[in-house]
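Trainee: Dumping the structure here so I can ask a few things about it.
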Amino acid sequence: MDDKNQQYDNLLIGILQNEGNISGFLDAVFGFLFRRTDYFRIMKSKTDKLGFLPGTASNLMVSAFKKYEKIATGDEQKKDKGHKTERDKEKASTVTQQTKNVSDTTSKHMEVSNEKKTSNRPNQDTEKPLNTSAEQSNTEVKVQSKLQQDMKDDSVPQKSNSENIEQEANPELARQQAIYQASSESYNGAIRDNYSWSQSITDLDICLKIPNYIKKGKDIKVCIEKKHIKVSHKDESGQMVELMNGELCWEINKEESIWNLVPAEHILINLDKKQERWWEAILTTEPKINVQKIDASRPMTDLDDESQTKIEEMMFNERQKKLGLPQSHEKKVHDVLAQAWNAEGSPFKGQPFDPSKLNVGQGGMITINDSEANKNSS
C-alpha cells in the first residue's frame, strides 16, 4: 500500500472512531460525495461539464473495491504460506528425531532393566508381574514432555549463565510473574504504571489507561512505527499529553497493527510481531520480565500437517511396541500378507491367516519360520 494513501489514515480513522462501524463510515463518505461533488450526477448530454455517464460512477466504486480485494487476497495467501516455512519444517524434523531418541532410549533402558531383573532373580515363578501400563504411561509422559520442551525452541531468548543464576536466585521476579500470569491483560507480559501488556508467540496486546473524559477517537493520537510507538491524548485544556513514547524492543509489522478506543476506560493496541519470539519487555526502557517463567509452550497444531502426522505416527508406534502389537509399518506388511495368504501357490492356502508363521525383517524381507518350513517340507 503506497504512502500516498496512508497519509489520510489519521483523518479516516477519526471518522471511523466517531461512527463506530463500517456501515456508518461508508455512509459518511458517500454522503460527502453526494453533497460536495458531482459523483451522483448523471450527464444528460455529452456537452454537460458535470457528472458522469450512466454506470460510470458505480463502475469506479466497484473498480476500487476489487483493487483492494485483490491486495487483501494476496496478503492472506502470503500468510498461509508463511505458516509452512522452511524453519517450521526443520523444527518439526528436529522434534521428530528427538522424540524418536527419547523413545529408543526409554526402550533400551527398559530392556536393560528387565535383563538385570532376570539375572538377579533366577526364580521367575515368584516374580511380580511387570506393570506394563505404568511403563507405557511413563514413556508417553517423557515423549510429551520432550515435545513441549522442544516446542519452546529458539523463540525464548537465550541468557548467559550469570543472568540465569541472577534471575533464578531472585524470588521476587518469580512472584511478580505469577501475579502477571493470573490476569489476561498481562498474561506472559507485565503490569506497569499506566498500562499492561500480554503476548503470544505472534503478537502483543497493550491495554493503556486513559482519563475518563476521553470518549472520542479524535482526542487520541496513536503513531505506530516498525520499532517505535507514541500515544498521546488531549487534556481538558486541549493540550496533547503523552501516554507512551519509546522504542520497541523488537520490530513489528506496522501495517498489521491496529488500535481501538474503549471510551473513558482504555486504548487497546495490537502489535503484530515481525519475528516469532518471546519479548522480555515492550519498550527498551521498561524493566524486563523473566521469560523462563512464562507459558512459552507451543501447541503441536502450530506445525504443518505433515510434521504433525509424523509425530502422531511415532507416538502410536511407541504405544504399540509397549503393548506387543504391530506398529504402523508392520500393519501395512500384515495387510499385504493377508491378501496374499490364500493366493495361488501360497503354502498357507486354505489355512486361517496367522502372521506368527512369518518373519518380517527390517529391510522388508519376508521369511517362513523354521518350524513352519520344516512342517511344510515334511
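The values are calculated or read from the model by the stated rules, or taken from the named source; none is laboratory data. Source: prediction; values computed, not measured. FYI the Cβ positions are ideal-geometry reconstructions off the backbone, even for glycines, and counts take in every protein chain you see. The protein model used for the area step is the full one, side chains on, heavy atoms only, and it has no ligands, DNA or RNA in it. Shrake-Rupley method; radii C 1.70, N 1.55, O 1.52, S 1.80 Å.
Trainee: Can you list the helices (runs of 4 or more DSSP H) found entirely within the stretch 1-54 that contain at least 1 residues being open to solvent by less than 100 Å² (accessible area, probe 1.4 Å), without any contact (Cβ under 8 Å) to a residue 24 or more places away in the chain and charged (D, E, K, R)? Walk me through how you get there before you give the answer.
Mentor: Details: elements: 3-6, 9-19, 22-36.
Where helices (runs of 4 or more DSSP H) fall fully within the stretch 1-54 and carry at least 1 residues being open to solvent by less than 100 Å² (accessible area, probe 1.4 Å), without any contact (Cβ under 8 Å) to a residue 24 or more places away in the chain and charged (D, E, K, R), they are 9-19.
Trainee: Considering each of Lys221, Lys215, Lys254, Lys230 in turn, give the residue that is assigned to a loop (DSSP other than H, G, I, E, B) and either open to solvent by 10 Å² or more (accessible area, probe 1.4 Å) or free of Cβ contacts under 8 Å to residues at least 12 places away in the same chain (or both).
Mentor: Details: Lys221 fails: assigned to a loop (DSSP other than H, G, I, E, B); Lys254 fails: assigned to a loop (DSSP other than H, G, I, E, B); Lys230 fails: assigned to a loop (DSSP other than H, G, I, E, B).
Just a single option satisfies the conditions, and that option is Lys215.
Trainee: Is the stretch 233-243 home to any residue that is under 25 Å from Arg277 (Cβ atoms), in a strand (DSSP E or B) and at pLDDT 90 or above?
Mentor: No.
Trainee: Mind listing just one residue for me: the one in the stretch 289-313 that is at pLDDT below 80 and assigned to a loop (DSSP other than H, G, I, E, B) and, of those, surrounded by the fewest Cβ atoms within 10 Å (Cβ to Cβ)?
Mentor: Taking the candidates together, the pick is Pro299.
Trainee: So the check is Cβ under 9 Å with 6+ separation or different chains; which pairs have a first residue in the stretch 313-330 that's assigned by the TED database to the domain that holds Pro355 and aromatic (Phe, Trp, Tyr) and a second one that's open to solvent by less than 70 Å² (accessible area, probe 1.4 Å) and in a helix (DSSP H, G or I)?
Mentor: Phe316/Ser328
Trainee: Taking the residues in the stretch 182-212 that are of a type in the set (D, E, K, R) and assigned to a loop (DSSP other than H, G, I, E, B) as candidates, determine which candidate is least open to solvent (accessible area, probe 1.4 Å).
Mentor: Going through the qualifying residues, I end up with Arg192.
Trainee: Considering Leu271, Leu248, Leu283, which residue is open to solvent by less than 80 Å² (accessible area, probe 1.4 Å), touching a residue at least 60 places away in the same chain (Cβ under 8 Å) and either of a type in the set (A, V, I, L, M) or not assigned by the TED database to the domain that holds Ser200 (or both)?
Mentor: Leu271
Trainee: Related question: Which of the residues spanning the stretch 257-268 are open to solvent by 80 Å² or more (accessible area, probe 1.4 Å) and assigned to a strand (DSSP E or B)?
Mentor: Ile258
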